[in-house]
Structure formats: structure tokens, C-alpha cells
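Read through the structure below, which is laid out as C-alpha cells, and then see the notes.
Only the coordinates and a few stated rules stand behind these numbers; no lab work does. This structure is a prediction, so every number in the text was calculated from the model and none was measured. Note that each Cβ is placed from the backbone with ideal geometry, even for glycine, and that neighbours are counted across all protein chains shown.
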Amino acid sequence: MKKCILLLINGFGIERKDSVEIFSASLMPNLDSLSKKYIFGSLTSIVNDYNNGYRIFSIPQEKSSVMDAVDRAIEDKSINSNQGILSLENDMPSSNKIHIFYTMEDVKKLFQIRELLHIINSDKNKRIYLHIVLMSSSIDDYNEIDKTMSKLAFELGEYCKIGIVVGKNKISEENITKTILREYGEHWVEYAKKIETLKRDAVNPQDANVFYVNGGFQLTKGDKALFLNYKNVDFSTLTSVFTSNGIDLYSLYEMANCVHLFKKDEQNIECFISKLEKTNSKALLLTDKEKINDINFYLNGMQVGTSSKMVYAVRNINLLKNKESFKNLLGDNQYDGVIIDFNISSYNKIDEIKAKLKEIDEIIKPLEEVSIELGVTFIISSLFGMYASVMDGPVQKTVNFSGKVPCIVISKDFDKKNYSIADKDTYDLSGAFLSSITGQQIGGGILHKKSALEKLLKK
């Protein structure tokens, strides 16, 4: 087997426009140098916190099999005989409506929504309202939200109307109840102007108060509700209101008090530790003592238990700075790979974050030298980018590393001239680590081999 070093600077990401500036070449000269010498790019991160970072790293939650189930059902036509969908399709009085709540990311799921609406409202005579839940944590995403809403309105307009729009953090507040019951709140037919207002006022999408685009959705006994719960959102306030008003509830997949249309193929999902065991590989993870149990829980598939293939130890910064000591640790045959875990998101002062990043940068040079001397792969990245309010002296500022995290790959088998970082996400880091130590092609897909034209364009 080959070996791999994975350095995780968790909380560190690509700075967004609304973020205070943290990274600089003078703060992290070694990281800056490596980004210019080796394969460097970014990976998508869909979470903003430590535990979920490890959950996504270990379990392909967002590559959810429910998505595959919906796609399969569309492809083999079994979606046409889905009993839950047929219940929604049944004739209903013209005074009644179907409320569809969509946890919106982008237009990638538009095909599935269109197919569902085509069945539910094939005669185009039902009153259907698509209520949108904004999931993003950055004001930089408003332009994309505007485009997505325009696409939804254009492509689905013959089947439904856009009704309520609300940030996910406001979905449980009293105003959402007033809006669904009485059409209470701001009415913006020209939603683009409202989006521009939210952007100007620096309101993150997930914190947007409820407003509505098209009226006429006021709740009536006999209505139905469908939750397209692609993302985990607390809809309990709404489901309580619906239930108390005699509304039938449906969800795309399992959700309390709802008839679900599809089921995840949980049995097909492997966690990080099960993959280690499957390949007979052994890894060492160095972290803070208090983090070990949480990390193990997620690497073990959100199950309590231990494995001889996954060993944890308290991170020792002096060991990591000492090239010979770390070289001896990696050079013996006890471990096939080492994961070094840091977390800068636990700090709430800019000075503290910069001090930790500077400390981390000091170990990067010796780790690079070890990887070159031993011929092992060295990957530097992060499982999530933090999004938080921090103090810069007496002034409160925002650190926004969300959405994208850096990724550097150092390998004797792959060079900057011929390879680049592929359009992948942080789950693929686990594949990169595992495929590196098993001797398969590095990256589990995080590397993209450049075409002749790409090489030419990069000259």
C-alpha cells in the first residue's frame, strides 16, 4: 500500500466578498508557496460546522440515494404509479390548493420538480403554490437565487405559482403561520426588487423574513401540502398548523407526520471506517482530545463503536514541526495514512484565528518535506468554511469562508502541468485519502486530467 497525509484546516475556506480579510501570504507563507508549486484549486463545501463537516466527509449524505430513487422512478416510469403522488393527483375542489415547499439550492432539481408537477397537475387545472425556502448563508448567492427563481417561474409557470419565500432560519417563527393562514406580510410581485433589497441590507438568504410573490394561497380545509425536503429543515411549526387544519401532509422522503413518496437506500451507504475495513487499511487521526468521540461517531457512520482500523491520538504540534519524528511515525508500517485535524472555527477573535493559522502554517513545510522524501501523497484542505461573527478589537466583523474550501495535492505521480482539482466536494476528500493509500488513482475523483487544449490555455 501507498501512504497519504491529509491536513485538515477545518473552518478555513475561500473568502467571500462579505468576509473580513483573514488570509495573506505573509500570514501563511508556506501554504502560499505550496499553492503556487503544486496542484491547487477548491472543493465545494455544503455545511458550515465541524460535526457536519465530518458527517459529509464520512457519509455521502448529500449524494443521497433519495435523489437516485427519484431519478430511477422517472426513468423506469414507476413514478406514474407512486401511490403518494397519485393521492396528490386525485381531483379536488377548485377552492382547494396544493402547497409545495421546496428547500432551494439551485436548478439541478428542477427536472424532478417538473416531472412531479406534470403528474400531479397534468390537466393544469389545480391551484398549486410553490413555496421557496432559502438555504444559502451568503449574500453573494442572491444573484444565483434571482436566476433560479426566474427559471422556476418560467419553466413551471403552467403548473404552479410561486407563493411564499422565506429563509430557513425563519421557517419556525410566528410570521410564517400568519402568512400561510391569512396572507400576512410583505407582497412583492416583482421579487427581483425584494432580492435586491435583501442584498443591499446584507441579510443572508437563510435569515430572510417571509414575503410572498403571488397571493391566493391562504390555507383552506381540504388543501394538501408536499415538502420537497432535499435538505434538513425544521418544518414542525408548519406541519403543526397544517395538521390542526385537517391538511393531508406528504414529503419527498421520510419526515414526521407525512406520507413519504420515496425512501433512501440507506443500506447502500458506506461510512469512512467501513471503507477502511473493506480495504484492510489503517489510519491515524490526530486531533484535540475533546473532539475524538465526536469525530469517531461520524466516521463510524453515526454509530457508537470503535474499530482497530481507525486510531485516534491527541495532536502534538511539536511532533508535527519535527520532521524526523513525524517521518519515523509515518515511515513504519503501523499506519497507511495520517489525518491531522485542526479547527479554527472555535475562535471568535480575528487575532486568535490568525494566530492559529500561523501555527498551522509552521508545520506545512516539514510535512511537505516528509511527503517528498517518503514519496507519499500530501493533501491540504478543509471539511467546511466557517461563517461567523468575530471580534476585531472592539469591532464586530463577519468571517465568511462558506461554500468553497482550498485543496492542494502534492504527489510524485501527479503534477500541476497535467492535472487540476476537479469540480468535487468535501465528501470526495475521503475518497482521495482512501484511494491514495490503496494505490488506486489518487483522489477518488478530485483530480482532473487536463486536455491538450486546457494545457494550451494555461500557458
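Annotation: peptides 294-302, 232-240, ranked by per-residue average of other Cβ atoms within 10 Å with the highest first, follow the order 294-302, 232-240. Taking the DSSP bridge list for segment 65-260 and keeping only pairs wholly inside it, about 5 percent are antiparallel.
Output the pairs from 161/193; 291/321; 275/323; 168/199; 327/417 with a Cα-Cα distance over 25 Å in this structure; if there are none, say none. Cα-Cα > 25 Å for 275/323; 327/417; rest within. Pairs with C-alpha atoms separated by more than 31 Å, drawn from the list 77/278; 17/450; 358/449, are 77/278; 358/449. Here the residues 4, 258, ranked from fewest to most Cβ neighbours within 10 Å of their Cβ, fall in the order 258, 4. Simple point charges give the picture: +1 on the Cβ of Lys and Arg, -1 on the Cβ of Asp and Glu, and for the chain a dipole about the Cα centre of about 800 debye. Residue-normalised convex hull volume from the C-alpha trace of the chain: 169 Å³ per residue. Considering only beta bridges that DSSP places wholly inside the chain, some 30 percent are antiparallel. Only helices enter this figure: runs of n ≥ 4 DSSP H residues, each worth -39500 (n - 2.57), summed and divided by the residues of the chain, yield -10500 deg cm²/dmol at 222 nm to the nearest 500.
When +1 charges are put on Lys and Arg Cβ atoms and -1 charges on Asp and Glu Cβ atoms, the dipole computed for segment 65-260 relative to its Cα centre reaches about 420 debye.
If you take the square roots of the eigenvalues of the alpha-carbon gyration tensor of segment 333-424 and sort them as a ≥ b ≥ c, do you get rounded (a/c under 1.5), prolate (a/b over b/c) or oblate? Prolate, since a/c reaches 1.5 and a/b exceeds b/c. Projected over every direction and averaged, the convex hull enclosing the alpha-carbon atoms of segment 65-260 yields 10.0 nm².
Counted residue by residue at 0.36 nm each, then reduced by the alpha carbon distance between them, the extension gain from residue 237 to residue 33 reaches 68.4 nm.
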